[in-house]
Each structure stands twice: as C-alpha cells, then as structure tokens.
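A.B. asks: Please find one structure pasted underneath; my questions will follow.
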Amino acid sequence: MKIRTFIFLLLFSGLSASAQITPDLSKVNDSTQWVIFNRDIHFQDGIVHMNAMEGSALLWLKEFNFENGTIELDIKGKDLRGQSFVGLAFHGQDTETYDAIYFRPFNFQSPERKGHSVQYISHPTHTWSSLRQEYPEKYENPVIPVPNPNEWFHAKIVVKYPLVKVFVNDSKEASLIINQLSSIKKGWIGFWVGNGSDGYFKNLKIVLD
C-alpha cells in the first residue's frame, strides 16, 4: 500500500490512534517515494545498502510527516574505526535540518571508547562535536547489551517530543535517553550514514502514537 493512501485511510477511516506503517523498501529507487542525498543506494533481498562517500548522507521517506511514535529497524555497520556511522534521522526538514540517532559500531566493544557508541545529534546547530564539547557524555552512551560490531543489530527509537529513548536488541533498558534540542516537532524519517561510511538497513517499521 502506498504511503499516501495509507495516510488518507489513517486520517479519514477512524483507525485507532496507534497505527503501524511498514514502508516498502523495494521502492527506494523510486524518486516519487524516496529521496537520496549524497549516496548511491542498492536494494536486494529486503536490504538497503548506502555506499561509502565523503560527507554524511540521507535516504528520506517522502510525503510522510512523523511526529511521535516508535521507529524500529535493523542496522549493520562494521568494526572499522572512523568508517562506520549508521543510524536514523527524524523530524527532517531538508538535507541540513533534522534530528538523528546514530551508532558507532567500531566503539561497541572498545573499553576506552564504548561511551561513544550511540549518539544523538540535531543539525545544523548541534553536531556531535559541539555536543561532546559542551555537554560531555550527555548525548552519547554505551550500547546495552553490547552488539557484535560486524553483525546486524535491532534499534528501537521511541519519540514523544521532546523525550527520545533508544533501545538495542530488545533490551528493556534504554541505551540512551535525551530531550531533543530542536524545536521542530514533525518531519521526515530517513536512513542516515556519516562521513566516509556505508551502511545496511532492513525491517523498517513505524508505529504512530
């Protein structure tokens, strides 16, 4: 079912307040449904791959404004330091303005750097570097339980503006709890990869509150 049709039914057919959307990832190359910025994308066997290039990148789901709810997906990066930044952006307005939760798999098992495993950012103002400098250890944390950095892991991001909670691999304990720094309460959802990174994504599911 197309996203546009689903939203129409959601608004006018009396569905319950909580409704689930499962975007069709096989359509990621359809520019009427998705928009890619600064990457090439490939889809096969239910998996979306964004290749590695200079700069960060976004694959936005078009014509769908997410406000509050739960976003779940499976993510796969790699254990190469500085070359694997993978996550999900939300409340996006364009390629410059969005909030995001992302992971650094190469830090998952590092005794010295595991505290930098999951990160919140709010672009364009609150980058990871500015947050680390101004609010040390407030917007990044270890991941609980510790995943294998070279394997798939499951992420659940719960957004009830301004509160955001991040859970990994069905843990009941949140790996990160923050209040959003942006005043924007609604916008696009998209896969995100950081500078020099590629990433794999599958099983995207959105539950609206």
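A.B. asks: Fully extended, how many nm does the chain gain between Lys160 and Asn51 (0.36 nm per residue separation, minus their Cα-Cα distance)?
C.D. replies: Working it through step by step, the gained length comes to 36.1 nm.
A.B. asks: Here's something else I'd like to know. Can you order the peptides 77-87, 31-41 by their average number of other Cβ atoms within 10 Å per residue, highest first?
C.D. replies: Result, highest mean first: 77-87, 31-41.
A.B. asks: Note down the nm distance, to one decimal, between modelled labels 7 Å out along Cα→Cβ at Asp170 and at His42.
C.D. replies: Reported label-point gap for Asp170 and His42 is 3.1 nm.
A.B. asks: Give me the extension gain from Arg113 to Glu96: residue separation times 0.36 nm, minus the current Cα-Cα distance, reported in nm with one decimal.
C.D. replies: Result for the pair: 3.4 nm of gain on full extension.
A.B. asks: Further question: What distance in nm separates the simple spin-label points at Thr125 and Asp209, each placed 7 Å from Cα in the Cβ direction?
C.D. replies: Modelled inter-label distance: 2.2 nm.
A.B. asks: Using a basic spin-label model with each label point 7 Å from the Cα along Cα→Cβ, how many nm lie between Thr32 and Ile177?
C.D. replies: Computed distance between label sites Thr32 and Ile177 equals 4.5 nm.
A.B. asks: Using Cα pairs under 8 angstrom and six or more residues apart, how large is the relative contact order of the chain, in percent?
C.D. replies: Answer for the chain is 32 percent.
A.B. asks: Hey, another quick one. Among Lys27/Lys160; Lys62/Lys114; Lys27/Lys138, which pairs are too far apart, with a Cα-Cα distance over 31 Å?
C.D. replies: Lys62/Lys114; Lys27/Lys138
A.B. asks: Just to confirm my numbers, what's the Cα centroid distance between the range 161-209 and the range 31-97 in Å?
C.D. replies: 11
Just so you know, all these numbers are worked out from the coordinates, no wet-lab data involved. Because the structure is predicted, anything quoted here is derived from the model rather than measured. Cβ coordinates were reconstructed from backbone atoms using ideal geometry, including for glycine residues, and neighbour counts include every protein chain displayed.
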